[in-house]
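Structure record follows, encoded as structure tokens.
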Amino acid sequence: MLRAGVFPDCYTLPIVLKAVCQSFAINLGKQVHSAAVKLGLQSNEYCETGFINLYCKAGEFGSARKLFDENPDPKLGSWNAIIGGLSQAGLARDAIHVFLNMRRHGFAPDGITMVSLTSACGSIGDLDLALQLHKCVFQANATEKTDILMSNSLIDMYGKCGRMDLAYKVFATMEERNVSSWTSMIVGYAMHGHVKEALGCFWYMREAGVKPNHVTFVGILSACVHGGTVQEGRCYFDMMKNVYGITPQLQHYGCMVDLLGRAGLLDDARKMVEEMPMKPNSVVWGCLWKGVERIRSVMKEGRVAKVPAYSLATNSD
């Protein structure tokens, strides 16, 4: 297009920037930014949003903030881009600070704003803030698409704040639920050791005809670890592969190794590690060494009697 002598406009650049972000072509994005400055398109609402997303994705938050601050009249899309970028990067308190500043400037949040904020609040685990943000959700201008995202984010937020009762209230009022809705409930229950509720939720999910994804099974296997239910864990691990065709990832193997190690099935745990199609990381190996330490501590406490100078594998009769 450029070689043909046709200059981009405020409709062209946002599309190009979206492609740049998806392919992580950060250097190309910076060249596009230079072209936008020359063409006077830098402060266009949709172009500016695209550039902020670009720099946030690159981890260059100083550049993103500088771009934002240089615009004397930023629109809601630009505020959302900054808040979303900070939230996704784990800079939750910074995201909330920008949101408060946005409100001072007279902007009302929309569904996109609140999805980013509730996600940020969940990473902090601040229940008081969560309750305040929930009130803002009711005031937000949500579309049909952002409505289910907001509800899912609220479930996740309350789960991380340790209030599964409030998470369930949100879940129960949803007219439509997707796989993320069910998975957020399952992961929340598993996170707090509510094994029965997590497994029950999974079966209700299947009855509703919703297909689980790999995150769902991380939650289910985590629940099995908390409950020490080895047989069920094996069953769900096989179900993931054979029924749903989901290839186990490192997190799934980590859960299984932890589950087997906690049960004292160290040979089975080691065999699983050795048969993994990917290289085990320190977390997976750590689960196996913890299993060894757990058995040693049990022995030291005297719950397993060992005859001096004899191996446990030796018949001492």
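Values in this text are rule-based calculations from the coordinates and carry no lab data. Everything numeric here is computed off the predicted structure, so don't read it as measured data. Heads up, the Cβs are rebuilt from the backbone with ideal geometry, glycines too, and the neighbour counts pull from every protein chain shown.
What distance in nm lies between label points placed 7 Å from Cα along the C-beta direction at ASP73 and MET239?
5.7 nm
Any aspartates and glutamates with Cα under 12 Å of the LYS241 Cα? List them, leaving off those in the same chain fewer than 8 positions away.
Within reach: none.
Under a point spin-label approximation (7 Å from Cα along Cα-to-Cβ), what is the ALA208-ASP267 distance to one decimal in nm?
With each label placed 7 Å out from Cα toward Cβ, I get 4.3 nm.
Return one number: the angle in degrees, 0 to 90 and rounded to the nearest 10, between the long axis of the Cα atoms of helix 266-275 and the longest principal axis of the Cα atoms of the chain.
Between helix and principal axis, roughly 40 degrees.
Testing the spin-label approximation: label points 7 Å from Cα along Cα→Cβ at SER282 and ALA108. State their distance in nm.
So the two model labels end up 5.0 nm from each other.
Round to the nearest 10 and give me the degree value, 0 to 90, for the angle of helix 250-262's Cα axis relative to the longest principal axis of the chain.
Helix 250-262 and the main axis of the chain meet at about 30 degrees.
Using the crude model of +1 on Lys and Arg Cβ and -1 on Asp and Glu Cβ, and no other charge, please compute the dipole size for the chain relative to its Cα centre, in debye to 20.
On the way: 32 positive and 29 negative charges, 114 e Å.
The calculated dipole for the chain is roughly 540 debye.
With +1 on the Cβ of every Lys and Arg and -1 on the Cβ of every Asp and Glu, and nothing else charged, how large is the dipole of the range 246-285 about its Cα centre, in debye rounded to the nearest 20?
Numbers: 4 positive and 5 negative charges, 18 e Å.
The dipole of the range 246-285 has a size of about 80 debye.
Mind ranking 32-45, 96-109, 50-63 by how tightly packed they are, going by the mean number of other C-beta atoms within 10 angstrom, highest first? Mind dumping the intermediate values first?
Numbers: 32-45: 16.8, 96-109: 15.1, 50-63: 20.4.
Taking the mean over residues of other Cβ atoms within 10 Å, the ranking is 50-63, 32-45, 96-109.
How compact and how long is the chain, expressed as Rg and Dmax of its alpha-carbon atoms in Å?
Gyration radius and largest Cα-Cα distance of the chain: 25.1, 93 Å.
Which whole-number percent is the relative contact order of the chain (Cα, under 8 Å, 6+ apart)? Working shown, then result.
Details: 387 pairs, mean separation 24.1, N = 317.
Value for the chain: 8 percent.
Check CYS10: other-chain or 5+ apart residues with amide H under 5 Å from its amide H, H built from backbone geometry?
Counting only residues 5 or more places away or on other chains, the set is empty.
Straight distance only, please: which aspartates and glutamates reach the Cα of LYS160 with their own Cα at less than 12 Å, same-chain residues fewer than 8 apart left out?
ASP126
Report the paramagnetic label zone for LEU127: residues of the range 188-206 whose backbone N is under 18 Å from a point 7 Å from Cα along the Cα-to-Cβ axis.
Inside the label zone: 188-194.
Can you tell me how much longer the chain between PHE24 and LEU100 gets when fully stretched, taken as 0.36 nm per residue apart minus their C-alpha distance, in nm with one decimal?
Details: separation 76, 0.36 × 76 = 27.36 nm, distance 3.02 nm.
Gain on stretching PHE24 to LEU100: 24.3 nm.
Helix 26-39 versus the longest principal axis of the chain: what is the Cα-based angle in degrees, 0 to 90, to the nearest 10?
Value to nearest ten degrees: 10.
Taking the range 164-263, which GluC sites (Glu not before Pro) meet the DSSP loop condition and have no more than 14 other C-beta atoms within 10 Å? The partial results should precede the final answer.
Numbers: sites: GLU175, GLU176, GLU197, GLU207, GLU232; in loops: GLU175, GLU176.
Loop-located and lightly packed - GLU175, GLU176.
Over the range 14-136, what is the mean sequence separation of C-alpha contacts under 8 Å (at least six apart), divided by residue count, expressed as relative contact order in percent? Please report the intermediate quantities before stating the final value.
On the way: 123 pairs, mean separation 22.5, N = 123.
Result for the range 14-136 is 18 percent.
Using Cα-Cα distances under 8 Å and only pairs 6 or more residues apart, what relative contact order does the range 1-50 have, in percent?
It comes to 41 percent, rounded to a whole number.
The range 144-244: Rg/Rh from Cα coordinates, Kirkwood Rh?
0.97
Only Lys, Arg, Asp and Glu count, each charged at its Cβ (+1, +1, -1, -1), so figure out the dipole size of the range 100-213 about its Cα centre, rounded to 20 debye. Could the numbers behind the result be given before it?
Details: 11 positive and 11 negative charges, 29 e Å.
For the range 100-213, the charge dipole is close to 140 debye.
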